[in-house]
Structure formats: structure tokens, C-alpha cells
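Some notes on the structure that comes next.
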Amino acid sequence: MGNWTHVYNSQILPLRNFVTDAGSRADSDDRGERECALRMMRDWAKTGALAQPPADFNGLRELERFTISLNIIVLKLRADGLDIAPLLDWLGTLNHTVIQRFENRNQVDNLDVWSGVAAASYALLSGNEVARRHEDSVWKQGIAAIRPDGFVNSELRRGARALSYHVYDLSALLTLNAFRNALGEPISAQDRAALARLVNRVGSSLCEPSAMTAAAGGMAQEKVRPIVFAPIVAFAGNFADARMRSCGASDIPTTDPILGGDLNKTAAILANRHSGHAP
């Protein structure tokens, strides 16, 4: 525990503070603050921050999270008309590391789906075909993993946290779906039905967790943290389910630093891209 605390304080916390600050500035109504966010990002790009490949899976997981956040912050800056071209090579290095390492991992779970979010957000910035192929492959695998009863086997293995991890998986899939829509990849009827099964399973389990408890080996389910619902609410679209608030959490935030700040602003940018009105 002490070693993890040291790693968090010395390595992860400074990154979290950076993306929190940059995301807050990118969300600001003050153009000067947004330009400051761009300068911060350019400074990091010049130094090649995070470009050294992670040494282990914990490092890869953190790289995935921060890469998604950086992609989304840059997406916001571009939507404001700022020049993000000097950042793309740096972001490409980070994203291709995430893509390659998760492809080699060869495991379908919520973290794999989040790697698809990284790829889709980078593809939206750059048009990169490798990223588009990865997000499409991840989407297909993530959707295929949803059982007819709405459970996901990889997340049932989490025992007492199976419900939390089903929420993570749903958050990732709904976020990826929003980015895919912005890329011009509408959801098929078959995929929509599968995703609806997961939405219903999560919603019903939040209100009455007995089926989730039984499927997860009889372990009582831990309470899901409110912030985990934030992407579900922001990116649900037609999959919106009132049970996320009524049975999940009433105090769901609209901002998540690890997802680039204000999620409603991100959702609006993606909706504009989908409708063809974005710059």
C-alpha cells in the first residue's frame, strides 16, 4: 500500500493535476484561458510527456486514461478554432502505444472498450485509419460480449464489484458510441438491441441487485461511486434510463478530469460533428 501511495503521489497525481487544470481552462468561457490550455499542451508535446512506453499494466491503464483526457481536451480546443496541429504527432505516439498494447493484451473487458474510446477520439482529431480500425474492432467485441440476459462475463468475475464494473462497461460503450456517431458510424439495430440489454441489466441491478449478486457468485454488491455514472448520463442519448439516478446516484457530476473535463460540452461537440455543424 505504501509503495502505491508513493507511485500515486510522485507519478499519477501530477498528471491528474495537469489534465484537471488543462481541462478546466479548455472548458472556460474566457478565450484567454482556452489559449493558455493550448500553450500548456504544446509545452507537454515539446517535451514528449508520457511518450515513454509504460513498464507494466498499471502504467498502461493510467496512460489509457490520460490519453483519452488529452484527446478530448484537444478536441475542445479545436472546436474553439485553435491550432492543434502541433499536438497531433505527440498524441499519435500516445494513442498508438495504447492501441498496440491493448491489441496485444487480447482481452475483452471495460478497459479494452476504453482503449476504443482513446482510438475513436484520436481518429476524430486526426482521421488516422489505424485508430479507426481499432475502435471498430473494440466496438464489435464489446457489443458481442453482452449476453442475452445483459450480463458481461468478464465483469461478473469482479465478485463484489461486478455491478460497478458493469457500470464501467456501459459507460465505456456509451462513450464509444457517441464518438462513433461523430465519426459517421451509426449504431446498427442489432448493436442497439445488445446495448439496450446492458442498460436494462445495469438499471434493474441498481434497483434490485439480487440477480447480479447471484451471477457474481453470491457476493453482495458494493455501492457504485456517483462519478462512474457521469459518462452514462452525458452520452446516453436514446439509451437514457432514469434508474441511473433514482437507484444509482442522485448526485452524478457533469465533470470528470479523466474524461477531459465538462462531459456535457464534449457531448455537444460530438453531436455537432454528427450533424455536420462542427468546424
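Would you mind stating whether Arg197 is modelled with pLDDT of 95 or more, on the phi < 0 side of the Ramachandran plot, surrounded by fewer than 21 Cβ atoms within 10 Å (Cβ to Cβ) and not in a loop (DSSP other than H, G, I, E, B)? Full working, then the answer.
On the way: modelled with pLDDT of 95 or more: yes; on the phi < 0 side of the Ramachandran plot: yes; surrounded by fewer than 21 Cβ atoms within 10 Å (Cβ to Cβ): yes; not in a loop (DSSP other than H, G, I, E, B): yes.
Criteria met by Arg197.
Six or more apart or on different chains, Cβ under 6 Å: which pairs go from a residue in the stretch 37-54 that's within 16 Å of Ser69 (Cα to Cα) to one that's crowded, with 16+ Cβ neighbours inside 10 Å and charged (D, E, K, R)? Could you list them?
Sorted first by the residue in the stretch 37-54, then by its partner, the pairs are Ala37/Arg25.
Would you say Asn110 is under 20 Å from the mean Cα position of the chain (by Cα) and under 30 Å from Ala220 (Cβ atoms)?
Working: under 20 Å from the mean Cα position of the chain (by Cα): yes; under 30 Å from Ala220 (Cβ atoms): yes.
Judged against the criteria, Asn110 is a match.
Is it the case, given these coordinates, that Ala182 is touching a residue at least 60 places away in the same chain (Cβ under 8 Å), surrounded by 18 or more Cβ atoms within 10 Å (Cβ to Cβ) and out of contact with any His (no Cβ under 8 Å at 6 or more places or on another chain)? Spell out the reasoning first.
Details: touching a residue at least 60 places away in the same chain (Cβ under 8 Å): yes; surrounded by 18 or more Cβ atoms within 10 Å (Cβ to Cβ): yes; out of contact with any His (no Cβ under 8 Å at 6 or more places or on another chain): no.
Judged against the criteria, Ala182 is not a match.
Against the condition in contact with a helix residue (DSSP H, G or I) (Cβ under 7 Å, 6 or more places away or on another chain) and either assigned to a helix (DSSP H, G or I) or not hydrophobic (A, V, I, L, M, F, W, C) (or both), how does Ala268 come out, does it pass?
Values: in contact with a helix residue (DSSP H, G or I) (Cβ under 7 Å, 6 or more places away or on another chain): no; either assigned to a helix (DSSP H, G or I) or not hydrophobic (A, V, I, L, M, F, W, C) (or both): yes.
Here the answer is no, as Ala268 does not meet what is asked.
Pick out the one residue from Ala144, Ala119, Ala123, Ala172 that is of a type in the set (A, V, I, L, M, F, W, C) and touching a Phe, Trp or Tyr at 6+ places or on another chain (Cβ under 6 Å).
Numbers: Ala144 fails: touching a Phe, Trp or Tyr at 6+ places or on another chain (Cβ under 6 Å); Ala119 fails: touching a Phe, Trp or Tyr at 6+ places or on another chain (Cβ under 6 Å); Ala123 fails: touching a Phe, Trp or Tyr at 6+ places or on another chain (Cβ under 6 Å).
It is Ala172.
Within the stretch 25-38, does at least one residue satisfy the condition of being under 22 Å from Trp114 (Cβ atoms) and modelled with pLDDT of 95 or more? Break it down into steps so the answer makes sense when it comes.
Initially, the stretch 25-38 is screened for residues under 22 Å from Trp114 (Cβ atoms), giving 26-27.
Then keep just the ones that are modelled with pLDDT of 95 or more; that gives 26-27.
Within the stretch 25-38, one or more residues are under 22 Å from Trp114 (Cβ atoms) and modelled with pLDDT of 95 or more.
Quick one: how many residues across the stretch 79-109 are among the polar types (S, T, N, Q), assigned to a helix (DSSP H, G or I) and surrounded by fewer than 23 Cβ atoms within 10 Å (Cβ to Cβ)? Steps first, answer last, please.
Going residue by residue through the stretch 79-109, those that are among the polar types (S, T, N, Q) are 93, 95, 97, 100, 104, 106-107.
Now drop any that are not assigned to a helix (DSSP H, G or I), which leaves 93, 95, 97, 100, 104.
Filter once more, so that each one left must be surrounded by fewer than 23 Cβ atoms within 10 Å (Cβ to Cβ): 93, 97, 100, 104.
Selection size over the stretch 79-109: 4.
Being out of contact with any Ser or Thr (no Cβ under 8 Å at 6 or more places or on another chain), polar (S, T, N, Q) and either exposed (fewer than 15 other Cβ atoms within 10 Å of the Cβ) or part of a loop (DSSP other than H, G, I, E, B) (or both) is the requirement here; does Ser250 meet it? Outline the logic, then answer.
Working: out of contact with any Ser or Thr (no Cβ under 8 Å at 6 or more places or on another chain): yes; polar (S, T, N, Q): yes; either exposed (fewer than 15 other Cβ atoms within 10 Å of the Cβ) or part of a loop (DSSP other than H, G, I, E, B) (or both): yes.
Considered against the rule, which asks whether it is out of contact with any Ser or Thr (no Cβ under 8 Å at 6 or more places or on another chain), polar (S, T, N, Q) and either exposed (fewer than 15 other Cβ atoms within 10 Å of the Cβ) or part of a loop (DSSP other than H, G, I, E, B) (or both), Ser250 comes out as yes.
Just a yes or no: is a residue in the stretch 214-226 surrounded by 18 or more Cβ atoms within 10 Å (Cβ to Cβ), more than 19 Å from Ala79 (Cα to Cα), within 21 Å of the chain's Cα centre (by Cα) and free of Cβ contacts under 8 Å to residues at least 12 places away in the same chain?
no
Scanning the stretch 52-78 for residues that are farther than 16 Å from Val19 by Cα and under 21 Å from the mean Cα position of the chain (by Cα), which turns out surrounded by the fewest Cβ atoms within 10 Å (Cβ to Cβ)? Steps first, answer last, please.
Within the stretch 52-78, the first condition is being farther than 16 Å from Val19 by Cα, and the residues that meet it are 52-60, 78.
Adding the requirement that they be under 21 Å from the mean Cα position of the chain (by Cα) leaves 53-54, 56-60, 78.
Working: Pro53: 13, Pro54: 16, Asp56: 7, Phe57: 11, Asn58: 12, Gly59: 17, Leu60: 19, Arg78: 19.
Ranking the qualifying residues of the stretch 52-78, first place goes to Asp56.
Are any of the residues in the stretch 119-137 out of contact with any helix residue (DSSP H, G or I) (no Cβ under 6 Å at 6 or more places or on another chain), within 30 Å of Cys247 (Cβ to Cβ) and surrounded by fewer than 21 Cβ atoms within 10 Å (Cβ to Cβ)?
No, the stretch 119-137 contains no residue that is out of contact with any helix residue (DSSP H, G or I) (no Cβ under 6 Å at 6 or more places or on another chain), within 30 Å of Cys247 (Cβ to Cβ) and surrounded by fewer than 21 Cβ atoms within 10 Å (Cβ to Cβ).
The values are calculated or read from the model by the stated rules, or taken from the named source; none is laboratory data. None of these values were measured; they are calculated from a predicted model. Every residue, glycine among them, receives a Cβ derived from its backbone with ideal geometry; neighbour counts consider all protein chains shown.
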